[in-house]
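Working notes, structure below.
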Amino acid sequence: MSNKKEEKPQLEIEVVKINKWDGSAVKHALDDAVKNCLLCDRPQLHEQFGLINTRLVLCALAVGVAILAHGWDYTHPFPESRPVLLFSVIAYFALMGILTLHTTFREKGTFAVAVQKNGSNGPRTWEASSDMKKYDDKYTLTFSVKDAKGVREVSSTKSCASFIDANGVVLDNLVTNEVNRLFNSLSAGKKDE
C-alpha cells in the first residue's frame, strides 16, 4: 500500500497584465477586479442581470425591425414596401434613441449589480460603477445601495497607479482593500467620501 497523501488542487491565481498606457484597458481591468472582489468574496450577494438584459432586449428589437424591413423589401420590391420600410426606419432610430438614453442615464457606467437578501429588512440592491476620463489617471469607484432606508452612495477617487504595478499587473489585494472599505462603509450606514 502506498501512503501518498492526496493533494488538494490549488487554485491558480490569475494574474491580469495590461498595457498601463491604454486607459480603456486599465478601466476595464479594474472594473473586472472590483466585480470579482465584490461577488466572489461575499456569498450573500447574487448578481442581477437586469441592466444588461434591458440593453440586450432593445438591441434584439432593433435587429428584428431591420430584419423585418430587409425581408419585406426582398419579397415585395420597393414601391410596394415603402410603408413597411418607413415604419422600420422610424422604429429602428427610436429604439436606438431609447438605448442611448438607457445607457447614458440609467446605466451610467454601472458594471455590477447584486442583490442581498436580508430577511425581515427586505432585499438590498448593490451597484458598482466607475468612471475614468480619457487622458486622466484618476479612477472613480462608486458603490450605491438601495434598501428600506433609501439610497446611499459612497465613492472613492484614486490614481489607477494605486492598483496597478509598474509592469501593468493589477494588484488584487489593493483592489480588495478599497472594495472592502467602501462596502463596509455602506454596510454600516454612514456616508464616506
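The values are calculated or read from the model by the stated rules, or taken from the named source; none is laboratory data. Since we're looking at a predicted model, the values are computed, not measured. When we count neighbours, we look across all protein chains shown, and the Cβ atoms used for this are built from the backbone with ideal geometry, even at glycine. For accessibility, only protein heavy atoms count, side chains too; no ligands or nucleic acids. Shrake-Rupley method; radii C 1.70, N 1.55, O 1.52, S 1.80 Å.
Counting only protein heavy atoms and a 1.4 Å probe, the chain has 68 square angstrom of accessible area per residue. Among the chymotrypsin sites (Phe, Trp or Tyr not before Pro) in the range 12-118, those placed in a DSSP loop whose Cβ has at most 15 other Cβ atoms within 10 Å are TRP21, PHE49.
Ligands, DNA and RNA left out, the 1.4 Å accessible surface of the range 51-107 is 77% carbon and sulfur atoms. Compared with the dominant Cα axis of the chain, that is its longest principal axis, helix 172-188 is turned about 80°. In units of the compact-protein estimate 2.2 N^0.38 Å, the range 94-158 shows a Cα radius of gyration of 1.36. For the chain, the longest principal axis of the alpha carbon atoms and the long axis of helix 23-40 meet at an angle near 70°. Relative contact order of the chain, taken over Cα pairs closer than 8 Å and 6 or more residues apart, is 23 percent. Summing Cβ point charges (Lys, Arg +1; Asp, Glu -1) relative to the Cα centre of the chain gives a dipole of roughly 520 debye.
Applying the Karplus relation 6.51 cos²θ - 1.76 cosθ + 1.60 with θ = phi - 60° to the range 135-152 yields 3J(HN,Hα) values of 10, 10, 9, 7, 9, 9, 10, 10, 10, 9, 10, 10, 8, 5, 7, x, 10, 10 Hz, where x marks Gly and Pro. In the chain, the ratio of gyration radius to Kirkwood radius, Rg to Rh, stands at 1.14 when only Cα atoms are counted.
With one equal scatterer per alpha carbon and no solvent term, the Debye-computed log10 I(q)/I(0) for the range 51-107 at 0.20, 0.30 1/Å reads -0.69, -1.11.
Against the main long axis of the alpha-carbon atoms of the chain, helix 78-101 sits at an angle near 20°. If R0 is taken as 35 Å, the Cβ-Cβ distance between ALA94 and ASN121 corresponds to a FRET efficiency of 0.30.
In the chain, the DSSP-assigned H stretches of four residues or longer account for a calculated mean residue ellipticity at 222 nm of -15500 deg cm²/dmol, using -39500 (n - 2.57) per stretch and the full residue count as denominator.
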